[in-house]
Amino acid sequence: MTINSSLGYVELSGKQNLNMEMDYYLKIPLSLVTQAAFQRLFKKKREEIDPNAEDAIQYRDKNRQQAFISVNLKGTTDNYSIALKKEKPSGKQQ
């Protein structure tokens, strides 16, 4: 599943069972991570952003190759772990 917003997009996959045990993989574009880090480091002021402006929804360009950071969220809602992981195998045979 892809979640699109005006800030960027995140690809989400994984599974969850009825006991609320989850194993999710999130693919976050590296450009989104670097943009957030840059704004955090240099403290962009709120006055510079127009709160009434409507931004366009961001979508993934399938024709362009892009770097991602893969994050694994595993466990239950009370006891979970978050770790950087390699992308899970797609199941394709070579």
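Nothing in this text is a laboratory measurement; each read-out follows from the coordinates by a stated rule. Just so it is clear, the structure is predicted and the values come from calculations on it, not from any experiment.
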Check: With a ≥ b ≥ c the root eigenvalues of the C-alpha gyration tensor of region 2-84, is it rounded (a/c under 1.5), prolate (a/b larger than b/c) or oblate?
Finding: prolate
Margin query: Let me check against my output: what whole-number percent is the relative contact order of region 2-84, with C-alpha pairs under 8 Å and at least 6 apart?
Written below: 36 percent
Next item on the list: Step through the residues of region 27-41 one at a time and calculate ³J(HN,Hα) from phi using the Karplus curve (6.51 cos²θ - 1.76 cosθ + 1.60, θ = phi - 60°), rounding each to whole Hz and writing x for Gly and Pro.
Entry: 10, 10, x, 4, 5, 5, 5, 5, 5, 5, 5, 4, 5, 5, 5
